[in-house]
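Q: Input: one structure, supplied below.
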Amino acid sequence: MFTPRYSITDRLLANITQINNLVRDLNDRRFPKVVLVEFEKTAREVSTYASTSIEGNPLPLTEVKKVLRARPANIRDSEKEVLNYNQALENLNELLQSGKLELSLALILDIHKQVINGLLPSHQSGKLRQSSVVVNDPRTGKVVYLPPDVERVQDLITALIIFINENSKKIDPLILAGIFHKQMVIIHPFMDGNGRTTRLATKVLLAKMGLKTFNLFSFENYYNQDVTKYFQTVGEYGDYNELESSIDFTLWLEYFTGGLIDELLRVQKLLPELGKTLETRLEAHHLKLLEYIKQNGFITDKNYAGLTDRAKATRTIDFKKLIDLGLIERRGKGRSTHYMMLE
């Protein structure tokens, strides 16, 4: 049975409160579909670059963007890592939108298989490790951590998944996501690709925060800003067999939630800026129209005419713009024509 040790400190509680407020604010806003599509693409690029960079991939962000655009056939391992991670992100985003994605060993193994595709032998791809591994300090090359014995890996990861799923309605999803992230790193269940798989699987749990614009979120970016601090906080030093009973998750949970705040603030600041082009900017009359729908559930052209002095032909253009931006949809025909928010 897995029973993680952690404390709800004032800092952790304040972080969780701030995250919930930021999520609520982002969820209350409506952004043009064209803006969200472009931002989602950028977020995947940043996530892909940051998560592979953490593991030592040398490609700069500009090169990562080129690889994702061109998708070359003959590629180096560094480019393969980038393409694999981006594809796994796209697949996860599609599954998350279905609302039926739950954490399981099968999901974790599938994520690993996608991340490591073509980079490990087939008997190690999407499979728990069958050999001992060590974790080296990336700066000195010296061994700093001995993960659990191979015989214990499956039991440990199964216990972790059971803990997460059984407490999904009892413990804050932010705490569960943080515990999962660190414990996966501690178990080190794969021969390679542990970090990338863990960060992608953590996204599944973070989606349960209820952030509607979750696919715009690149929490890996925060870790890449100070990789040394990330490794020092998420990892352990020594032999797992000796550390097991004394591992405390508190400092990591404070750091983990602090990183989420950093990323949410970045998204909060950038999204309005992306909506200021002529094609996507919403004027006062557009906002009046949207506010009317929010309060009444729908709007007709007659209702809109009562809100503004714009001519009928211009009102038609206004409705079309909001439809094209993916904010509203048209319902009914003829006299029964009305417009509602696009869910």
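Q: Can you tell me the orientation of helix 61-70 relative to the chain, as the angle in degrees between its alpha-carbon axis and the longest Cα principal axis, to the nearest 10?
A: With rounding to tens, the tilt is 70 degrees.
Q: Please give every one of the lysines within straight-line cross-link reach of K169, meaning a C-alpha to C-alpha distance under 22 Å, and leave out same-chain neighbours fewer than 8 residues apart.
A: Straight-distance partners of K169: K100, K182, K203, K208, K212.
Q: Follow-up question, since we're still on this one. Hey, what did the chain get for relative contact order, percent, Cα under 8 Å, at least 6 apart?
A: RCO, the chain: 25 percent.
Q: A follow-up question, please. What is the diffusion coefficient of the chain in µm²/s, taking the Kirkwood radius over Cα pairs and the Stokes-Einstein relation at 20 °C with a viscosity of 1.002 mPa s?
A: 96 µm²/s
Q: Give me log10 I(q)/I(0) at q = 0.18, 0.30 Å⁻¹ for the stretch 284-341, Debye formula, one equal scatterer per alpha-carbon, no solvent.
A: Debye curve over Cα of the stretch 284-341, log10 I(q)/I(0) at q = 0.18, 0.30 Å⁻¹: -0.52, -1.59.
Q: What FRET efficiency comes out for the pair D226/L342, r = Cβ-Cβ distance, R0 = 35 Å, nearest 0.05? Write down the numbers at each step before the final one.
A: Working: r = 40 Å, r/R0 = 1.14.
It comes to 0.30.
Q: While we're looking at this one, here's another question. Quick one: Karplus J couplings for the stretch 9-18, per residue in order, coefficients 6.51, -1.76, 1.60, θ = phi - 60°, nearest Hz, x for Gly and Pro?
A: My calculation for the stretch 9-18 gives 7, 4, 5, 5, 5, 5, 4, 4, 4, 5 Hz in order.
Q: Once phi is turned into θ = phi - 60°, what whole-Hz ³J(HN,Hα) does the Karplus curve with 6.51, -1.76 and 1.60 give for every residue of the stretch 290-300, x standing for Gly and Pro?
A: 5, 5, 4, 4, 4, 7, 10, x, 6, 9, 10
Q: Would you please give the residues with an amide H less than 5 Å from that of R129, counting only those at least 5 places away or on a separate chain, with H modeled from the backbone geometry?
A: Here the answer is F190, M191, since their amide H atoms fall under 5 Å of that of R129.
Q: Could I ask something else about it? Using just the helices of the chain, give the 222 nm mean residue ellipticity in deg cm²/dmol: DSSP H runs with n ≥ 4 each add -39,500 (n - 2.57), and the total is spread over all residues, rounded to 500.
A: Taken over the chain, the calculation gives -19000 deg cm²/dmol.
Q: Also: Report the paramagnetic label zone for T158: residues of the stretch 1-21 whose backbone N is under 18 Å from a point 7 Å from Cα along the Cα-to-Cβ axis.
A: 1-3
Q: When the chain is fully extended, how far beyond the present Cα-Cα distance does N241 get from K66, taking 0.36 nm per residue of separation?
A: Between N241 and K66, full extension yields an extra 58.6 nm.
Q: Still on this structure, I have one more. Grab the Cα-Cα distance for K288 and Q130, subtract it from 0.36 nm times how many residues apart they are, and report the gain in nm with one decimal.
A: Computed gain between K288 and Q130 is 50.7 nm.
Q: Considering only DSSP beta bridges whose two residues both sit in the chain, what percent are antiparallel, to the nearest 5? Could the numbers behind the result be given before it?
A: On the way: 7 of 10 bridges.
Here the share of antiparallel DSSP bridges comes out near 70 percent.
Q: Moving on. I328's amide H: which non-local residues (gap 5+, or another chain) put their own amide H closer than 5 Å, with H modeled 1.01 Å from N in plane and none for Pro or chain starts?
A: I323, L342
Q: Now for a separate question. Taking 7 Å along the Cα-to-C-beta vector as the label spot, tell me the R335-E102 distance in nanometres, rounded to one decimal.
A: About 5.1 nm separates the two model spin labels.
Q: OK, next. Using only the Cα atoms, what convex hull volume per residue in Å³ does the stretch 1-117 have?
A: Each residue corresponds to 178 Å³ of Cα convex hull volume.
Q: Which value, to two decimals, describes the C-alpha radius of gyration of the stretch 119-261 once divided by 2.2 N^0.38 Å?
A: Computed over Cα atoms of the stretch 119-261, the ratio equals 1.05.
Q: Against the longest principal axis of the chain, how steep is helix 77-98, in degrees 0 to 90 to the nearest 10, with axes from Cα atoms?
A: Helix 77-98 sits at roughly 50 degrees to that axis.
Q: Treating the angle as unsigned and between 0 and 90°, give the value, to the nearest 10°, between the Cα long axis of helix 105-116 and the longest Cα principal axis of the chain.
A: For helix 105-116, the angle is close to 90 degrees.
None of the figures in this text is laboratory data; all of them are computed from the coordinates on show. Remember, predicted model here, so these are calculated numbers, not experimental data. Cβ: placed from backbone, ideal geometry, glycine included. Neighbour counts: every protein chain shown.
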